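The values are calculated or read from the model by the stated rules, or taken from the named source; none is laboratory data. Quick caveat: nothing in here was measured; it's all calculated off a predicted structure. Counting neighbours? That spans all protein chains shown, and the Cβs are built from the backbone with ideal geometry, glycine included. These accessible areas exclude ligands, DNA and RNA; they are computed on the full protein's heavy atoms, side chains included. Shrake-Rupley method; radii C 1.70, N 1.55, O 1.52, S 1.80 Å.
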Amino acid sequence: MLPSQEASKIYHDNYMRNSRAIGVLWAIFTICFAIINVVVFIQPYWIGDSMNTPHAGYFGLFHYCVGEGNSNRELRCYGTFSDFSSIPSGAFKAASFFVLMSMVLILSCIACMVLFFFCNTATVYKTCAWMQLLCAVCLVLGCMIFPDGWDAEVIRDMCGEYSGKYTLGNCSVRWAYILAIIGILDALILSFLAFVLGNRQSDFLHEEVKADNKD
């Protein structure tokens, strides 16, 4: 074997080993992000009560619980995604839709990983990258639209008269909202990494083709 061919083979082996390792990490973090996305969509802890609110309660995208009666521990829950009329605000409905779209996109991205066994690796990476980028856009829209519904009557009853659009009054942001914002950054990083992996695969294939033509 010629020295140039041997060096090319060593480079190929090292490249494939590193590429697979990074690809596996990308896939693992994509699955973790999908779990985060599902949790963010389901859990009703986007905003909630504080020490200054008249009674306990918390709100999610479509499901919420508020205190009733003399005891702060008596919470009555309302709202389901299957019944849009039970969602207290049009902004909450829109935010629910976009976060749902984000969840569908990332789950579809995971399903697309099966295509690694049948299709061109670079194409699959780039397809997943676009899906993750759209997922981040949907999450951004959901997080931006959600505060527009803070002027709903049921929220003002709990958060006080100073609450309104993009103003929480006496209430506070809860962990699910923060997790959704972290999810946006996660989706953007995963999308960028998938684009890089896809482009590197394409470049490597072009180099292989050129080397074969020279031979």
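If you wrap region 135-177's Cα atoms in a convex hull and average its projection over all directions, what's the area in nm²?
Working: hull surface 12.1 nm².
Mean projected area of the Cα convex hull: 3.0 nm².
Please list, by residue number, everything in region 107-140 whose backbone N is under 15 Å from a paramagnetic label point 7 Å out along Cα→Cβ of residue 196. Residues 126, 129 fall inside that zone.
Of the residues 115, 91, 149, the one whose Cα sits farthest toward the positive end of the charge dipole of region 83-196, with +1 on the Cβ of Lys and Arg and -1 on the Cβ of Asp and Glu, is 115. Leaving out ligands, DNA and RNA, what percent of the accessible area of region 71-138 is carbon and sulfur, probe 1.4 Å? Percent of accessible area from carbon and sulfur atoms in region 71-138: 68. Annotation: amide H-H contacts under 5 Å for residue 164 (H modelled 1.01 Å from N, sequence separation of 5 or more, or interchain): 169. Note that region 56-203 shows a convex hull volume over its alpha carbon atoms of 109 Å³ per residue.
Qualifying chymotrypsin sites (Phe, Trp or Tyr not before Pro) in region 109-151, where qualification requires a DSSP coil assignment and no more than 10 other C-beta atoms within 10 Å, comprise 118. For region 104-119, putting each phi into the Karplus relation 6.51 cos²θ - 1.76 cosθ + 1.60 with θ = phi - 60° gives couplings of 4, 5, 6, 5, 5, 4, 5, 4, 5, 4, 4, 5, 4, 7, 10, 10 Hz, in residue order, rounded to whole numbers and with x for Gly and Pro. Annotation: average projected area of region 112-159 is 4.5 square nanometres, based on the convex hull of Cα atoms across all directions. Distance between the modelled labels on residue 175 and residue 123, one decimal in nanometres: 4.3 nm (7 Å Cα→Cβ projection). Place a point 7 Å from the Cα of residue 31 along the Cα-to-Cβ direction; which residues of region 175-189 have their backbone N under 17 Å from it? Backbone N within reach: none found.
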